[in-house]
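For reference, the structure is listed below as structure tokens.
The values are calculated or read from the model by the stated rules, or taken from the named source; none is laboratory data. Please read all numbers here as calculations on a predicted model, not as lab measurements. Using ideal geometry, Cβ is built from the backbone for each residue, glycine included, and neighbour counts are taken over all protein chains shown. Quick note on the areas: whole protein, heavy atoms, side chains included, nothing else; ligands and nucleic acids left out. Shrake-Rupley method; radii C 1.70, N 1.55, O 1.52, S 1.80 Å.
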Amino acid sequence: MMTGTPVIILKEGTQRNQGKNAQSNNIAAAKAIADAVKTTLGPRGMDKMLVDSLGDVIITNDGATILKEIDIEHPAAKMIVEVSKTQDNECGDGTTSAVVIAGELLKKAEELTESNVHSTIIANGYRIAAEEAKRVLSKMSLKISPDDKILLRDIAKTAMTGKSIGSSGKLSQLTVDAVRAIMEKKDKTVTADIENIKIEKKHGGSISDTELVKGIIIDKERVHPRMPFKVSNAKIALVNAALEVKKTEVSAEIKIDDASQLQKFLAEEERMIRDMVEQVKGAGANVLFCQKGIDDVAQHFLARDGIYAVRRVKESDLKKLAKATGASIVSNLSELTRKELGFAKEVSQNKIADDEMTFVTGCRNPKAVSVLIRGGTDHVIDEVERSLHDALKVVAVAMEDGKIVPGGGATEIELALHLKQFAQSVGGREQLAIEAFAEAMEVIPRALAENAGLDGIDTLIELKSAHGGKKKNKNSGVNVFTGQITDMTKLKVLEPLRVKTQAIESATDVATMILRIDDVIAAKATEMPAAPPGGMGGMGGMPPMM
Ligand SMILES: Nc1ncnc2c1ncn2[C@@H]1O[C@H](COP(=O)(O)OP(=O)(O)OP(=O)(O)O)[C@@H](O)[C@H]1O
Ligand SMILES: [Mg+2]
């Protein structure tokens with residue numbers, strides 16, 4: 001019986017968006033994000049300038065960075081941002097591609113739902129297609145060995161082209177050298193953890209002054225000018241306690257009523273500090289890295305004993321030093337013995353631009369390397385760091401997996417053609433979804449071409465004819481600099497297999513997840529943020545974000 005009394009289930013202020021409406025809203029948001037980064041794809045893609053609320057400026061081409069820096073409100077758009085993060089963590093590169101593919105998968109899905117194919121069928125078809133795509137990719141991949149320096153350099157170069165810093169041969173060579181220095185081979189598996197490569201940045205000079213240092217660089221100088229500039233055969237102490245007289249926690253008052261007592265008091269303080277320095281010296285150290293402070297008196301004694309000391313070293317740096325030199329970090333000076341010391345052939349202070357830095361080279365662990373990035377402005381240095389991160393990671397991934405594929409849209413066209421045929425063998429309604437998936441793959445070569453000022457459709461047609469027909473070269477891709485269709489292995493545009501498989505995997509995951517949502521129930525925000533014009537739906541035009 002209807003009584004007319006409303007039944008209240010959701011708290012006041014809850015926003016609800018159901019059915020087709022919810023779905024098309026989510027898809028619109030995801031597409032908006034994909035469209036925003038699409039123009040940055042490829043060597044001839046453009047950059048974005050991001051200004052944060054404090055007015056700081058970032059200029060980048062890196063998909064993950066763009067999406068990390070912009071404030072996104074829409075929940076579905078946030079899911080897309082996650083895709084770029086996963087891609088960044090797993091492969092370092094391909095973040096833009098992953099997001100663009102996700103957007104395209106959703107766009108195609110929307111067209112299918114309009115012709116009454118149910119979302120779960122689409123999701124299912126997409127899953128089948130993604131599995132098949134991974135199989136095909138793996139089949140078309142080429143092998144690479146960790147010792148193949150030239151191929152590895154090409155991979156680094158591919159990851160760096162198109163970043164605003166360009167792709168200097170020197171940087172790609174440096175990338176390969178750095179990763180090869182830290183890689184570890186056990187039985188037949190190779191691991192390369194790029195966390196072991198320390199990156200330091202110093203304003204000044206030019207990008208080509210960027211150098212690889214076999215050792216650790218600490219952005220600090222020695223504390224006292226009378227300390228040695230250079231220590232050979234360094235025995236290194238790492239301490240995270242202060243070389244200062246401790247201030248008492250409780251406030252105490254000391255009454256001194258004659259001058260000799262004051263003298264004694266000061267002498268006692270000096271003795272305590274001298275003892276600390278004695279402990280360092282007694283352990284046999286001639287270099288000291290201290291996480292806390294070193295007071296003036298201690299500096300004086302250390303200098304007198306010819307010890308090179310650095311204070312307020314970052315904890316993360318201290319850990320890296322421990323790993324590189326074999327030292328143990330001690331938190332109490334009295335624990336410091338010869339056993340805790342680390343070793344390096346040389347510790348020296350070098351002047352880089354106007355700043356002094358400490359170089360620890362010839363470490364006990366030869367796997368410790370640093371890259372010192374140089375560049376004209378901070379924006380340039382930051383973008384070099386991001387590109388270098390991409391390049392280091394792809395080289396590491398290629399070494400670990402030992403499999404690479406051609407870039408320039410070659411894999412995507414191959415997948416598009418193969419999946420179209422494969423769809424027919426699956427049949428049923430899923431066939432439509434697999435065909436849509438196949439078409440979605442074309443977004444990458446098309447965007448590459450369009451960003452280069454070429455005609456997207458013409459390029460697709462040429463690419464397809466190069467992959468099929470008589471010539472049948474599955475490595476054909478678009479050379480974005482000449483507009484010609486070329487064999488990408490000859491042009492040396494190569495990428496690790498994992499960059500492609502991961503992009504497809506995460507794009508499929510997020511697309512199917514968004515497709516299956518038919519109800520968005522949003523609690524009232526506790527604090528109302530200043531609503532952008534158009535609110536949640538205002539993403540379509542994007543301009544307010546950038
Ligand atoms: N010289 C080249 N010619 C043609 N295509 C290239 C060339 N170098 C790279 N590419 C292609 O450019 C695409 C990569 O572009 P880009 O680096 O801008 O985006 P991403 O790798 O997807 O994301 P990000 O680098 O932002 O994480 C890949 O498809 C790659 O094959
Ligand atoms: Mg890239």
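Which residues does a label at E270 reach in the range 283-323, if reach means a backbone N under 15 Å from a point 7 Å past the Cα toward the Cβ? So the set is 296-302, 304. Per-residue packing, averaged as other Cβ atoms within 10 Å, sorts the ranges 55-65, 432-442, 83-93 into the order 432-442, 83-93, 55-65, beginning with the highest. In a fully extended conformation the segment linking I457 and T482 would gain 7.4 nm over its present Cα-Cα distance, using 0.36 nm per residue.
When the alpha carbon coordinates of the range 38-124 are projected onto the principal axes, the ranges are 47, 28, 23 Å, largest first. Normalising by residue count, the range 415-508 has a Cα convex hull of 106 Å³ per residue.
Label-to-label distance for K345 and I256 is 5.0 nm, based on points extended 7 Å past Cα in the beta-carbon direction. Computed over the alpha-carbon pairs of the chain, the distance histogram in 20 Å steps reads 19, 40, 27, 12, 2, 0 percent, short to long. Once the dipole of the range 142-269 is set up with Lys and Arg at +1 and Asp and Glu at -1 on Cβ about the Cα centre, which of L266, S251, V213 lies farthest towards its positive end? Result: V213. In the chain, the calculated helix contribution to ellipticity at 222 nm averages -15000 deg cm²/dmol per residue, counting -39,500 (n - 2.57) for every DSSP H run with n ≥ 4. Normalising by residue count, the range 135-265 has a Cα convex hull of 302 Å³ per residue. Of the peptides 235-241, 73-79, the ranking by mean beta-carbon count within 10 Å, highest at the top, reads 235-241, 73-79. Considering only the other residues whose Cβ falls under 12 Å of the Cβ of V117, what net charge follows from Lys and Arg at +1 and Asp and Glu at -1? Summing Lys and Arg as +1 and Asp and Glu as -1 gives -3.
Highest mean packing first, where packing is the average number of other Cβ atoms within 10 Å per residue, the peptides 264-270, 103-109, 9-15 line up as 103-109, 264-270, 9-15. Helix 430-441 and the long axis of the chain differ in direction by around 50°, with both axes built from C-alpha atoms.
Dividing the alpha-carbon radius of gyration of the range 234-379 by the rule-of-thumb value 2.2 N^0.38 Å gives 1.24.
Pairs over the 22 Å Cα-Cα cut-off, from the set K281/K367; K31/K500; K139/K492: K281/K367. The simple Förster model, with R0 at 22 Å and r as the Cβ-Cβ distance, assigns D519 and E73 a FRET efficiency of 0.70. How much of the accessible area of the chain, probe 1.4 Å, is carbon plus sulfur, in whole percent? Percent of accessible area from carbon and sulfur atoms in the chain: 50. Taking the DSSP bridge list for the chain and keeping only pairs wholly inside it, about 70 percent are antiparallel. Remark: for residue pairs K85/K524; K149/K188; K48/K170; K68/K320, the C-alpha separation exceeds 22 Å in K85/K524; K48/K170; K68/K320. Please list, or write none, the lysines whose alpha carbon is within less than 22 Å of the alpha carbon of K247, excluding same-chain residues fewer than 8 places away. Partners within reach: K255, K264, K292. Distance from the C-alpha centroid of the range 409-475 to that of the range 270-337: 62 Å, rounded to the whole angstrom.
Estimated from the Cβ-Cβ distance and a Förster radius of 35 angstrom, the FRET efficiency linking K188 and A353 is about 0.20.
Residue ranking by accessible heavy-atom surface, 1.4 Å probe, largest first, among H467, H379, H418, H224 comes out as H379, H418, H224, H467.
Placing pseudo-labels 7 Å out from each Cα toward the beta carbon at L10 and L212 gives an inter-label distance of 5.7 nm.
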